[in-house]
Amino acid sequence: MTGAGRGELEGTVRVSEIPAKARSSEGSSDAESAPQASRASGDGNTPSSPPGARPEQADVWQSSPPGSIYDYIKVASFSIGPDGLVEQWSRRAAQLFGIEPGAAVGKDPIEAFVPADLREQGHRKMAEILDGREWTGVVPFRMPPTEGEDPAAAERRTGFAEVYVMPTTTESGERAALCIVVDVQTLRHIETDLAASQAIFGQSPFGFLLFDLDLKVQRTNRTFAAVFGGQDDDHRGRTVHDYLPRHEADRVQGALRRVMESGEAVTDMQLVGPAPDSAERRHWSINLYRVHSGSGRPIGIAGLATDVTRRHAAAREAAHARRNLALLNDAGARIGNSLDLETTARELLDVVVPGFCDLASVDLYQGLLAGDETALSRHSLADGSGELRRVAAASAVADVPFLGLGGEVPVSVGAVHRFTFNSACADALRTARPQLLPAEPGGLVQSTLAVPMVAHDTVVGLVQFSRTKGSEPFNDRDRSLAVELAARAAVCIDNARLYRREHERALILQRSLLPPDNPEASGLDIACRYLPGNAATEVGGDWFDVIELPGHRTALVVGDVMGRGLRAAVAMGELRTAVRTLALLDLEPAEVLSALDEIARGLGTPGGVQQATRTARTANSFGGEDLSEVYLATCVYAVYDAVTRRCTFANAGHLPPVLVEPGEGALMLDVPPGMPLGVGGEPFEEVEVELPEGALLALYTDGLVESRDHPLDEGLSAFRAALDDPAPALEDVCDQVLNALDTRHGEDDIALLMARVQGLPAENVGDWTLPREPKSVGRAREFTRAQLVDWDLEQLVDTTELLVSELVTNALRYGEGDIRLRLLLDRTLVCEVWDAGLVQPRRRRARDTDEGGRGLQLVGLLSAAWGSRRTPRGKTVWFELPLPDGESGLVDPTEALLSLF
């Protein structure tokens, strides 16, 4: 102990400050802590302990179990004889101070270990000790090097030892001293550890338990006692069965045994049970680990219990929130994929059953399903008991259909019903607020939410969500989610309603813009197809038309407005109307297209074609071009004469017609393409083609033969190949063409018009040329009577003779050149009178005193239709009479004449 500080021999440490366990000899394994232990261990240089042997290597007789405080405290001893010299030096002292017994026994401890400046005082103390006085003090010493440590570094390390010197008497009665030495640093560590342990154990906000080897509670802290009542000592000796329900206590007991046997800790073990004097279910998290003594012997199990009830509730809330978000996300992805009311309702139920509820149903107002817009007003549904139809129902319970709730009669899917005025469902419809329906006593359902489906401030129906017994009842969070799900479905249903309304309007528009499905024409068998590129609106810019003209002639039209959608459809409707108007004027095909071009140039411009021309010139003068309101279209206009079987074509930038003659392959007619309608400035050319009997003529739009995947040339070749061997039925030919060309691409509108030539037979035509003389009127009457008798049309003789005489008389009076009379028999009887005059006949109202001027009035009264048209060499005046069929009676000529006066 050389190098001791000057004042350290004067300092004292009270024995009472050493922990009680350290002062007790109970359980000590140190051979020097008690006299009997010293004797048992052979302390000193006894034969049983060779010099220099480490204490832990010697045999130790131990009557108490290991694990006492002396396993932690380094305690050593040595004795001083009556002569003041070291008489015994224990192995623990040699280990503590690093001085072997041979270097210590027989030496004066004052001279050997105390610094020179303290030796005088040390001798006085030693004399006092040998005189019978005790002494306690702290002395410094150089700590011995540890295993593998540099000795030079150990020289710089200094330890402090508390020395307790107790006077004693030898067998001969001489005074001696026994010295007990304790490592102060170890004591300070123990004090710190005990203070920290007490702070953690006593001040911890978590419940702490210490179980002994019998798995009984040895100690608890105040936090645990505050929850389970009583004081800390009141819990000593209890088991886990005193705190938890049986099934949970068995789980913890088994976990304690596993921890005791294996030494593996258990972390975050979840327990559920009520606290004392409370029925509330609490959740705890338990951590268990085995506790060992200083020698490594298990001495018990420590348990840390944390109340995680709030955390568990928060986790449940988070889980519910995640489930709700997942449901909303699923609803957004799955509801509204179809623009069908019933399908949307079923999509809602597919989302909520069984993820949100066990049973569900959707009722929609009958007026909504029937397309009655007025039935959706709040005033008509104010009582909440309007007619509803159950459009969908779903059940997650096996073999259990959706039952009637709240006293309502069970309703099957598809049935129309009403909720009683005082029912919760009717109240939900009236107030547009969800209602919680009471459970039926003894029934399967324990909780039901009736949620109105509101879209744009309009209630469109009601959805009921139900949970059966065994499921959690609906709470406020579920109510909010149900309202959101119903609102999303309501918006989709309302969109489907709006789509259906617009779809019906589009169909009405389409039907109004296109000819009937089976148009009829003289001398032609007609078949047609129309496929819109936009399936949502079913209208587009393509059109076709079949227009009957006088003289058993027929105008065939196919056109395509550039663009798609409603804008193109409107332009198409205007152009189609213009075509029909121009065709009734009986203009030549080129003249029709020229007039149509002028009309197309004026579309979209308030000032018409003149304003459009000025706008275009102004834009060109400034180097700009604005085509935002320019309507461009292509069109083929053909006029077929059933008498001559000749067809005249004019083309405005459209694809050429295709002709299939009997026994020949399909070929494209060489019709000059011309410029599209709306461009202006270029004339159109006409081509006349004689069509053989049975020939097939096809007019079409580019959507049929051109697509993103099929170039135009490839499509035209496929189209001709599909027509090489046409079927006998013209409808089958249309289907064959559409199937062969794969028209389901949906990129552009498709219009297809096919006509098979069936010329008027020669025996159905009566044609005579009359000289320009008064006798020709009588001869015209004779020819007419003879031809009608030959056609077995005696019922028409009187009327036809009268009208023919009027037209021939007008030709003699106002016309020029020879007169030509022609009778045509087909579906009607047509009479034509030709002359070389250019003056068109005009109806006028004759006064009562006028002797003439009533001929054309008479023609208008007796005929089904009449008119005049220009011809290359003059004009033609015609009238038409229906054939007698037994149903429509003819006008009596006498009554018609009398009605003129």
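Numbers for the structure displayed
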{"quantity": "Test: residue in segment 431-453 that is farther than 14 Å from Asp363 by Cα, part of a helix (DSSP H, G or I), outside the structural domain of Asp545 (by TED's automatic domain parsing) and under 31 Å from the mean Cα position of the chain (by Cα)", "calculated": "yes"}
{"quantity": "Number of positions in segment 575-587 that are surrounded by 19 or more Cβ atoms within 10 Å (Cβ to Cβ) and either out of contact with any Phe, Trp or Tyr (no Cβ under 6 Å at 6 or more places or on another chain) or not assigned by TED's automatic domain parsing to the domain that holds Asp749 (or both)", "calculated": "5"}
{"quantity": "Hits in segment 668-709 (condition: farther than 30 Å from Ser522 by Cβ and in contact with an Asp or Glu (Cβ under 8 Å, 6 or more places away or on another chain))", "calculated": "Met675, Gly678, Val679, Gly680, Glu706, Ser707, Arg708"}
{"quantity": "Residues of segment 852-901 that turn out to be of a type in the set (Gly, Ala, Ser), modelled with pLDDT under 85 and crowded, with 17+ Cβ neighbours inside 10 Å, as a count", "calculated": "2"}
{"quantity": "So Arg257, is it farther than 23 Å from Ile73 by Cβ and out of contact with any Lys or Arg (no Cβ under 9 Å at 6 or more places or on another chain)", "calculated": "yes"}
{"quantity": "Given (1) surrounded by 12 or more Cβ atoms within 10 Å (Cβ to Cβ); (2) under 49 Å from the mean Cα position of the chain (by Cα); (3) farther than 18 Å from Phe224 by Cβ, number of the condition Val259 does not satisfy", "calculated": "(2)"}
{"quantity": "Every pair of residues 6+ apart whose Cβ atoms lie under 7 Å, when the first sits in segment 294-321 and is assigned by TED's automatic domain parsing to the domain that holds Ala225 while the second is part of a helix (DSSP H, G or I) and among the small types (Gly, Ala, Ser)", "calculated": "none"}
{"quantity": "Gln795 vs. criteria over 22 Å from Leu549 (Cβ atoms), part of a helix (DSSP H, G or I) and modelled with pLDDT under 85", "calculated": "no"}
{"quantity": "In segment 700-752, residue modelled with the lowest pLDDT [restricted to those that are more than 25 Å from Ala568 (Cβ to Cβ) and polar (S, T, N, Q)]", "calculated": "Asn739"}
{"quantity": "All positions within segment 85-101 that are at pLDDT 90 or above and in a helix (DSSP H, G or I)", "calculated": "none"}
{"quantity": "Elements of type strands (runs of 3 or more DSSP E) in segment 126-239, at least 2 residues being among the hydrophobic types (A, V, I, L, M, F, W, C) and more than 17 Å from Phe113 (Cα to Cα)", "calculated": "207-211"}
{"quantity": "Residue check for Ala279: over 36 Å from the mean Cα position of the chain (by Cα), assigned by TED's automatic domain parsing to the domain that holds Arg219, closer than 22 Å to Ala226 by Cβ and part of a loop (DSSP other than H, G, I, E, B)", "calculated": "yes"}
{"quantity": "Those residues of segment 705-746 which are in contact with a helix residue (DSSP H, G or I) (Cβ under 7 Å, 6 or more places away or on another chain), assigned to a helix (DSSP H, G or I) and either touching a residue at least 12 places away in the same chain (Cβ under 8 Å) or not assigned by TED's automatic domain parsing to the domain that holds Arg529 (or both), in sequence order", "calculated": "Val705, Gly715, Leu716, Ala718, Phe719, Ala722, Gln736, Val737, Ala740"}
{"quantity": "Test for Asp214: is it exposed (fewer than 15 other Cβ atoms within 10 Å of the Cβ) and more than 14 Å from Ile301 (Cα to Cα)", "calculated": "no"}
{"quantity": "Failed item, numbered, when Gly665 is tested on (1) of a type in the set (Gly, Ala, Ser); (2) at pLDDT 90 or above; (3) closer than 23 Å to Ala527 by Cβ", "calculated": "(2)"}
{"quantity": "Selection count where residues are in contact with a Phe, Trp or Tyr (Cβ under 8 Å, 6 or more places away or on another chain) and either closer than 11 Å to Gly355 by Cβ or assigned to a helix (DSSP H, G or I) (or both), scope segment 313-342", "calculated": "1"}
{"quantity": "Matching entry among Ala616, Ala612, Ala595 (being in a helix (DSSP H, G or I), under 26 Å from Leu697 (Cβ atoms) and either at pLDDT 85 or above or not acidic (Asp, Glu) (or both))", "calculated": "Ala595"}
{"quantity": "Residue tally, condition farther than 26 Å from Thr192 by Cα and part of a loop (DSSP other than H, G, I, E, B), over segment 73-84", "calculated": "4"}
{"quantity": "Enumeration of residues in segment 190-231 that are more than 56 Å from the chain's Cα centre (by Cα) and farther than 23 Å from Ser293 by Cα", "calculated": "Gly230, Gln231"}
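Every residue, every condition in (1) touching a residue at least 60 places away in the same chain (Cβ under 8 Å); (2) of a type in the set (Gly, Ala, Ser); (3) surrounded by 14 or more Cβ atoms within 10 Å (Cβ to Cβ); (4) in contact with a Phe, Trp or Tyr (Cβ under 9 Å, 6 or more places away or on another chain), yes or no:
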site: Pro761; (1), (2), (3), (4): no, no, no, no
site: Val765; (1), (2), (3), (4): yes, no, yes, no
site: Phe783; (1), (2), (3), (4): no, no, yes, yes
site: Glu794; (1), (2), (3), (4): no, no, no, no
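Residue-by-condition table, conditions (1) under 54 Å from the mean Cα position of the chain (by Cα); (2) under 23 Å from Gly540 (Cβ atoms):
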site	(1), (2)
Gly665	yes, no
Leu669	yes, no
Pro673	yes, yes
Asp742	yes, yes
Arg756	yes, no
Val765	no, no
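The values are calculated or read from the model by the stated rules, or taken from the named source; none is laboratory data. Not measured: the values here are computed from a predicted model. Here Cβ is always computed from backbone atoms with ideal geometry, including for glycine, and neighbour counts include all displayed protein chains.
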